[in-house]
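One structure is given below, encoded as structure tokens.
The values are calculated or read from the model by the stated rules, or taken from the named source; none is laboratory data. Everything numeric here is computed off the predicted structure, so don't read it as measured data. The accessibility values were calculated without ligands, DNA or RNA, using every heavy atom of the protein model including side chains. Shrake-Rupley method; radii C 1.70, N 1.55, O 1.52, S 1.80 Å.
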Amino acid sequence: MSKKNNKLYRICDALGCELEGIYPAPKSREKLNEYCFFCLEHIREYNKSWNYFEGLNEVQFEREIRKATTWDRPSWKFGTKRINDDYKFIFDMFQKDRQEKKKPIDKELLDSWKILDLKPESTIKDVKKKYKTLAKKWHPDTTLNLNKDNKKNNETFVLITKAYEKIIKSLTEKTI
Ligand SMILES: [Zn+2]
């Protein structure tokens with residue numbers, strides 16, 4: 001709790017944030033009836049990081065937020081061990097989310113984009129189109145072979161096929 005104009009208010013549960021914690025957020029999927037409270041910025045970050053509201057459309061989301069802001073908030077005794085543990089859970093969750101975002105770059109995937117001569121922003125459609133063009137060019141049985149050395153053609157074909165598969169896999173995983 002903090003004091004503003006001599007009025008007690010709950011501070012945002014995000015680490016180091018001094019704003020008022022207005023928006024309740026479930027502590028976990030398993031504890032949907034237990035909440036921590038965040039300011040607007042942090043409830044957004046929380047929702048983004050947790051994707052709890054991912055399946056909701058705009059109207060549903062607004063309704064959820066409105067519902068959340070009018071709920072009776074439980075009165076907690078701050079500074080107790082239980083609350084501190086709850087904080088730790090939330091902080092760990094934010095921390096975990098940040099670490100996941102900092103995943104090391106997949107070098108093999110980067111190389112795959114280079115092999116297909118495409119930008120990582122390309123769509124699956126772009127990738128498929130490009131692969132088709134390259135496969136036609138490099139397939140060992142094609143008459144379009146750039147190289148008379150069939151072993152080399154085959155190697156190139158295998159290389160672009162591997163790159164293609166790697167990229168398609170990464171793109172479909174992203175959209176799940
Ligand atoms: Zn905050």
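Taking each of 125/166; 114/169; 129/162; 125/152; 119/151; 137/162 in turn, the alpha-carbon distance tops 25 angstrom for 125/152; 119/151. Calculated on the alpha-carbon coordinates, the convex hull of region 107-175 measures out at 76 cubic angstrom per residue.
Accessible area ranking (1.4 Å probe, heavy atoms, ligands and nucleic acids excluded), largest first, for 10, 44: 44, 10. When nucleic acids and ligands are ignored and a 1.4 Å probe is applied, residue 107 ends up with an accessible area of around 130 Å².
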